[in-house]
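Enquirer: For reference, the structure I am asking about is given below.
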Amino acid sequence: MIVKREFGSVYGKPVYEYVLSNKNQMNVGILTYGATLRTLNVPGKDGRLTDVICGYDDIKSYVEGDGYQGAVVGRYANRIAKGRFTLDGEEYSLFINNGVNSLHGGEYGLNTKLFAVCENDKNNSIVMTAVLEDMEEGYPGRMMVEVTYTLTDDNALKINYRAKSDKKTIINLTNHSYFNLSGYASGSVLYHTLRLDADSYIPTDDTLIPTGEIKSVDGTPFDFRTEKRIGQDFYSEDNDLKIAGGYDHCLNFIGGETEEPVLRAELKDAKSGRVMKVYTDQPCVQLYTANFMNNSAYPFKGGFAQHTQNAVCLETQHMPDSINHDGFTNVVLDAGEEYNYTTVFAFELM
Ligand code: GLA
């Protein structure tokens, strides 16, 4: 079932929230602003629904607050060094919004766009579209972006990302939700366990730009191949963790991208009994333990204060700054070529 309601306004236009619910009463709220996942109410072992993502009660916080809460980010999710890249001999420079680098599509990335929505009641899905103009934020190519959210009756939220550009460009799209399976207002996420199907990761410099190295997870805190508590190695003496103030790294899935979404990550919370399985066809995931989530000016839903490490992001994507490193994943999209990836967040009980 899909219910639409108004959620304030931006740019003098109304913002809407679409609430999709399934036969188990699980429901998700999605804003037309940034195609943002605002609420994700999932049943726990106590039979009660709890909202397992961070987010705000008002549109103003989405516009002014940082952290890209629940938003779809792009046209290039993650960082591009000094906001510069070269494509076919042409140099491009992007808006610098993160120290010396460009982050998540620049000043007005996809997370700030008002998406148009087409409802599909039969599939319990909404198709959201936005246009990024040629040279907007410095990127070449007028790009059509289409994000489809589907809520299934087996408690899975499926997100399909499609895009096409009229000129050769670069692209990296993801959703920036912050998960805590006990509920966003329940405290540290370091007690959750995580398994990740990743055998290497990307170390960064102190501006969080890849050094260029692709490093094996063997013997490092980045080895989640066997499930462990997120907190297990969180405070260990590791230079890469220190630089980022926690996990804020791209981990590379074994074998790279796949034809169809496959199971790549499992997040578990013994307290609530909730398990979140992540299926994707993307080659990597940015594991981010909300190391910057401490903006006291923008409390979360119900007035709950922000706090670092109270949630975790699993941003399925391509490698950061790929275009500036040999041997990184291909993020170039040709004119007229279709970009098409899917990530599924599937919920179960332990
Ligand atoms: C991404 C980055 C983080 C941080 C957040 C937004 O996940 O990797 O470093 O910038 O976005 O706060």
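The values are calculated or read from the model by the stated rules, or taken from the named source; none is laboratory data. Everything numeric in this text was worked out from a predicted model, so none of it was measured. So basically every Cβ, Gly included, is an ideal-geometry build from the backbone, and we count neighbours across all protein chains shown. Note: accessible area is taken over every heavy atom of the protein model, side chains too, but ligands, DNA and RNA are not part of it. Shrake-Rupley method; radii C 1.70, N 1.55, O 1.52, S 1.80 Å.
Enquirer: Out of the residues in region 74-83 that are surrounded by fewer than 24 Cβ atoms within 10 Å (Cβ to Cβ) and out of contact with any Asp or Glu (no Cβ under 7 Å at 6 or more places or on another chain), which is farthest from Met128 (Cα to Cα)?
Expert: The qualifying residue farthest from Met128 (Cα to Cα) is Lys82.
Enquirer: (1) at pLDDT 95 or above; (2) not basic (Lys, Arg); (3) not in a strand (DSSP E or B): which one isn't true of Asp46, the others all being true?
Expert: Checking Asp46 against (1) at pLDDT 95 or above; (2) not basic (Lys, Arg); (3) not in a strand (DSSP E or B), the one that fails is (1).
Enquirer: Further question: Determine the pairs where a residue that is of a type in the set (Lys, Arg), located within region 278-290, has a partner that is within 16 Å of the ligand (Cβ to nearest atom) and at pLDDT 95 or above with Cβ atoms under 8 Å apart, the partner being 6 or more residues away or on another chain.
Expert: none
Enquirer: Moving to a separate point now. Count, please, the residues in region 135-154 that happen to be out of contact with any helix residue (DSSP H, G or I) (no Cβ under 7 Å at 6 or more places or on another chain) and in a strand (DSSP E or B).
Expert: Residues flagged as out of contact with any helix residue (DSSP H, G or I) (no Cβ under 7 Å at 6 or more places or on another chain) and in a strand (DSSP E or B) within region 135-154 amount to 8.
Enquirer: Evaluate the following for Gly246: is it more than 18 Å from the chain's Cα centre (by Cα) and either closer than 19 Å to Ser322 by Cβ or crowded, with 16+ Cβ neighbours inside 10 Å (or both)?
Expert: Details: more than 18 Å from the chain's Cα centre (by Cα): no; either closer than 19 Å to Ser322 by Cβ or crowded, with 16+ Cβ neighbours inside 10 Å (or both): yes.
Spelling it out, it is not the case that Gly246 is more than 18 Å from the chain's Cα centre (by Cα) and either closer than 19 Å to Ser322 by Cβ or crowded, with 16+ Cβ neighbours inside 10 Å (or both).
Enquirer: Among the residues of region 191-206, write down those that are within 19 Å of the chain's Cα centre (by Cα) and in a loop (DSSP other than H, G, I, E, B).
Expert: Result: His192, Asp197, Ile202.
Enquirer: Select from region 117-130 the residues that are open to solvent by less than 60 Å² (accessible area, probe 1.4 Å) and either part of a helix (DSSP H, G or I) or out of contact with any Lys or Arg (no Cβ under 7 Å at 6 or more places or on another chain) (or both) and list them in ascending order. First the steps, then the outcome.
Expert: Kept after step one, since they are open to solvent by less than 60 Å² (accessible area, probe 1.4 Å), are these residues of region 117-130: 117, 120, 124-130.
Within region 117-130, Val117, Asn120, Asn124, Ser125, Ile126, Val127, Met128, Thr129 qualify.
Enquirer: In region 61-110, what count of residues is obtained for those that are away from the ligand (no atom under 14 Å from the Cβ), closer than 22 Å to Thr329 by Cβ and either modelled with pLDDT under 95 or under 18 Å from the mean Cα position of the chain (by Cα) (or both)?
Expert: Number of matching residues: 1.
Enquirer: Let me ask something else. Being among the hydrophobic types (A, V, I, L, M, F, W, C), part of a strand (DSSP E or B) and either in contact (Cβ under 8 Å) with a residue 12 or more places away in the chain or out of contact with any strand residue (DSSP E or B) (no Cβ under 8 Å at 6 or more places or on another chain) (or both) is true for just one of Leu157, Leu181. Which residue is that? I'd like the intermediate steps shown before the answer.
Expert: On the way: Leu181 fails: part of a strand (DSSP E or B).
Step by step, each of Leu157, Leu181 is checked, and only Leu157 is among the hydrophobic types (A, V, I, L, M, F, W, C), part of a strand (DSSP E or B) and either in contact (Cβ under 8 Å) with a residue 12 or more places away in the chain or out of contact with any strand residue (DSSP E or B) (no Cβ under 8 Å at 6 or more places or on another chain) (or both).
Enquirer: Testing Ile214 on (1) touching a Ser or Thr at 6+ places or on another chain (Cβ under 9 Å); (2) without any contact (Cβ under 8 Å) to a residue 24 or more places away in the chain, one condition comes back false. Which one is that?
Expert: The single condition Ile214 does not satisfy is (2).
Enquirer: It is to be established whether one or more residues within region 6-13 are in contact with a Pro (Cβ under 6 Å, 6 or more places away or on another chain) and without any contact (Cβ under 8 Å) to a residue 40 or more places away in the chain.
Expert: There is at least one residue in region 6-13 that is in contact with a Pro (Cβ under 6 Å, 6 or more places away or on another chain) and without any contact (Cβ under 8 Å) to a residue 40 or more places away in the chain.
Enquirer: Also, quick follow-up: Would you please name the residue that is surrounded by the fewest Cβ atoms within 10 Å (Cβ to Cβ), looking only at residues in region 203-243 that are charged (D, E, K, R) and within 16 Å of the ligand (Cβ to nearest atom)? Break it down stepwise before answering.
Expert: First, the residues of region 203-243 that are charged (D, E, K, R): 205-206, 213, 215, 218, 223, 225, 227-229, 233, 237-238, 240, 242.
Imposing the further condition that a residue be within 16 Å of the ligand (Cβ to nearest atom) reduces the set to 205-206, 240, 242.
Details: Asp205: 11, Asp206: 9, Asp240: 18, Lys242: 12.
Across region 203-243, the extreme among qualifying residues is Asp206.
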